[in-house]
Amino acid sequence: MQKKSNQFLFVKYRRFPLVLLSMLLCVFILIKCINGTEEKKEVTAVTGFNDYAGSAKCAGCHKTIYESHLQTAHALTAQQANKKSIMGSFEKGKNSYAYTPDIVLSMEKRDSGFFQVAYLRGEEKKAMRFDMVIGSGVMGQSFLNWRKNKLYQLPITYFTAANKWSNSPGFPSGKVLIDRPITSRCLECHATYAEGIAGTAMEPSEFDHNRMMLGVTCEKCHGPAAKHVEFQTLHPQEKTAKYIVNPSSLSRQLQLDVCTVCHGGNIEKTKPSFQFTAGKNLADYFKIDTASIDVANNGNVDVHGNQYGLLKASKCFQLSKMTCNTCHNTHENQRNQAALFSQKCMSCHNTTAATFKTPAHNEVIAIDKNCIDCHMPAQPSKAIAVNIEGEEFPRASLIRTHFISIYPDATKKFKALKKGTAQ
Ligand code: HEC
Ligand code: HEC
Ligand code: HEC
Ligand code: HEC
Ligand code: HEC
Ligand code: HEC
Ligand code: HEC
């Protein structure tokens, strides 16, 4: 009896090969065959957990940066699950997702933590704990569950734009999928370091709970810093740093590489991902997808995760020396500051020049406050789209394109909104 009803309720991961192909939010990134060949052993000393100091150590000497970085999406992109880090509601009436009238998943706080609980006609069938949160919640959050040293994705995701629990992207719609494993790839972009203890060096399948650094923290962009901390602590008089990477002193390409490892879309690793650290040449660790330029030019722009490819296709990038840091200060949360980013545009584009007086520009009042809604419009993500209870079509998150260009539709929309005639 029990068995029969469970068959009705749950679905086995292996029965859904298609699900495998549409792995979660960052779908395309994960569509890759795992190379069956044996990993070559690294000849040079490999980077390990002990080479890292942890961000808390930086606070003592770089307090301002440390504190502002804590407020960024990077710092918050992977956390231990708790009341504060989980964004969705556990309140009755707001805490469930019905797959069918009979199959309901309910988000519940219990003595030993927060759980996703599957019910069949009101009878509890399985409770799965929220152990880890992936996503700062700008767009949404996915939740992971530890089973021994393996990580699984929970069936329900939180979708910020609707402020609702939703079916996780790529999960089946009528039944509960409870055993989708998390590949190391998620952690490679949402964590600074995670030590594999089983599987291959390239694709670890199990992780050491105690040798993980969640979130994109200082040492992801500055390299492992245990030696820097030790040296500066022992030599407090020393006012120059020896054992740390400052991206601003790297070549343009190496500066871009620091970000492209996670913002380069569908790049394929050729060595274990955590062996790439700031200051190294990314092309020695990954095959970088150059097709993105054609993608952008064909207007078939996939705005998920490939800010590097899109930017690279833009004239601004090609005819200047810009890097990501020309516009972004990643030590701070700079979300929704159109005027601040427009200042960056105007550091190269002079709004008083005769060439700037185009028909579209002439119609805009206070143009210096917002260049981006017309030239870098937010577009629906093809990868971050979820099913919301009661809605027929999946809802997509909006992501800013980094293909800086002229978008007639965005211009029309911008003008309509400014005149108050939209919607
Ligand atoms: C004991 C004090 C101390 C600690 C702890 C410390 N630093 Fe530093 N750091 C310094 C000093 C001193 C400098 C050199 C002066 C400066 O640039 O501020 C420096 C410089 C830097 C620079 C700039 C290097 C350059 O060449 O311009 C970076 C980046 C940096 N530290 C990162 C970190 C990170 C990341 C951590 C934590 C893992 C950390 N530091 C912990 C003292 C410290
Ligand atoms: C190649 C790097 C990469 C991989 C691999 C990756 N992500 Fe992401 N993820 C990103 C980036 C970058 C963003 C920010 C949105 C964007 O630019 O598309 C993001 C956004 C997200 C968000 C939304 C966060 C927010 O802003 O609220 C969630 C949730 C998420 N990812 C979960 C996952 C999960 C689960 C996996 C593993 C299946 C995964 N990601 C794999 C890079 C990656
Ligand atoms: C997403 C990448 C990223 C992260 C995360 C990051 N930094 Fe930086 N950091 C940079 C870049 C890029 C620069 C160079 C900025 C520039 O162009 O001058 C920099 C510069 C610095 C400098 C040099 C002086 C200065 O004020 O610019 C220090 C010190 C520093 N970072 C410390 C830290 C500490 C401490 C943390 C963690 C609390 C941290 N960084 C997190 C990317 C990052
Ligand atoms: C280890 C992977 C990783 C690296 C390295 C990295 N990022 Fe990110 N970045 C992410 C992920 C994941 C997100 C999505 C965070 C979220 O909302 O959960 C993100 C988000 C962002 C955002 C959006 C912030 C917001 O408030 O929504 C910006 C801007 C950004 N990254 C710029 C950079 C730049 C510039 C660099 C290089 C200096 C860089 N990133 C390096 C993984 C990375
Ligand atoms: C580091 C300098 C630099 C920055 C910063 C910069 N641009 Fe550009 N941009 C250029 C150059 C150089 C060109 C090519 C020559 C020209 O058209 O002026 C260009 C071209 C353009 C074009 C014409 C594109 C085309 O395909 O014809 C637009 C539109 C544009 N930029 C908008 C922006 C906006 C909006 C920003 C801010 C988000 C920005 N730029 C930031 C340097 C820059
Ligand atoms: C010419 C300026 C400019 C450059 C250069 C630039 N960005 Fe951005 N980026 C922006 C603007 C503007 C936004 C939108 C900020 C907002 O609305 O909060 C943005 C947003 C983002 C986001 C969040 C996307 C979203 O919609 O949630 C990420 C991630 C990001 N940038 C990464 C990068 C990376 C990585 C690079 C380098 C490859 C880069 N950016 C270079 C201007 C720039
Ligand atoms: C209302 C939408 C809108 C806004 C706001 C806007 N632009 Fe434009 N921009 C356009 C359009 C459309 C064109 C193409 C020419 C036309 O139709 O007027 C253009 C053209 C350009 C060009 C190429 C000009 C050339 O030489 O051909 C640049 C560079 C540019 N914009 C930069 C900016 C900057 C910088 C800002 C902010 C200070 C800005 N734009 C604000 C819509 C906009």
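The values are calculated or read from the model by the stated rules, or taken from the named source; none is laboratory data. The shown structure was predicted, so the numbers you read here are calculated from the model rather than taken from an experiment. Using ideal geometry, Cβ is built from the backbone for each residue, glycine included, and neighbour counts are taken over all protein chains shown. Keep in mind that these areas ignore ligands, DNA and RNA; they rest on the heavy atoms of the full protein, side chains included. Shrake-Rupley method; radii C 1.70, N 1.55, O 1.52, S 1.80 Å.
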Loop sites in the range 179-273: chymotrypsin sites (Phe, Trp or Tyr not before Pro), DSSP, at most 16 other Cβ within 10 Å: Tyr243
Loop only per DSSP, at most 11 neighbouring Cβ atoms within 10 Å: give me the GluC sites (Glu not before Pro) in the range 80-155, ordered by residue number. Glu91
Once both labels are modelled 7 Å past Cα along the beta-carbon direction, what's the Glu195-Gln334 spacing in nm? 3.6
Neighbourhood charge, 14 Å Cβ-Cβ cut-off, centred on Arg110 and excluding it, Lys, Arg +1 and Asp, Glu -1: 0
For the range 351-390, alpha-carbon Rg over 2.2 N^0.38 Å: 1.88
Sorted from largest down, give the three principal axis spans of the alpha carbons of the range 330-423, whole angstrom values. 52, 38, 21
At 1.4 Å probe size, with the rest of the protein present, what percent of the exposed accessible area of the range 330-423 is carbon and sulfur atoms? 57
Ordered by residue, what ³J(HN,Hα) values in Hz, to whole numbers, does the range 49-62 give under the Karplus form 6.51 cos²θ - 1.76 cosθ + 1.60, where θ = phi - 60° and Gly and Pro are x? 3, 6, 7, 9, 9, x, 4, 4, 5, 6, 4, x, 10, 10
Label-point separation in nm, Thr240 to Lys412, each point 7 Å along Cα→Cβ: 5.9
Note to self: C-alpha centroids of the range 42-81 and the range 206-280 sit apart, in Å, by 9
Probe of 1.4 angstrom, ligands and nucleic acids ignored: what's the accessible area per residue over the chain, in square angstrom? 55
Amide H of Lys382: which non-local residues (sequence gap of 5 or more, or other chain) have their own amide H closer than 5 Å, using H built in the peptide plane? Val303, His304
Amide H to amide H under 5 Å from Leu151: which residues, 5+ apart in sequence or cross-chain, H placed 1.01 Å off N in plane? Ile182
With a cut-off of at most 12 other beta carbons within 10 Å, and DSSP calling the residue loop, which trypsin sites (Lys or Arg not before Pro) in the range 189-271 qualify? Please list them. Lys239, Lys242
Hull-based mean projected area of the range 128-181, where the convex hull spans the alpha carbons, in square nanometres: 3.8
Can you list the equivalent-ellipsoid semi-axes of the range 214-287, largest first and in whole Å, using the square root of 5 times each Cα gyration tensor eigenvalue? 26, 13, 10
Per residue, the convex hull volume that the Cα atoms of the chain enclose (Å³): 178
Helix-only estimate, please: 222 nm mean residue ellipticity of the chain, summing -39500 (n - 2.57) across DSSP H runs of length 4 or more and dividing by its residues, to the nearest 500. -6000 deg cm²/dmol
Each residue of the range 117-134 in turn: what ³J(HN,Hα) in whole Hz from Karplus with 6.51, -1.76, 1.60 and θ = phi - 60°, glycine and Pro shown as x? 10, 8, 10, 10, 6, x, 9, 5, 10, 7, 10, 10, 7, 6, 9, 9, 10, 10
Sequence-distant or interchain residues sharing an amide H contact under 5 Å with Gly140, placed H: which? Thr160
In the range 180-246, with Lys and Arg counted as +1 and Asp and Glu as -1 at Cβ, which of these residues, Leu214, Val245, Gly199, has the Cα nearest the positive end of the dipole, that is, farthest along it? Val245
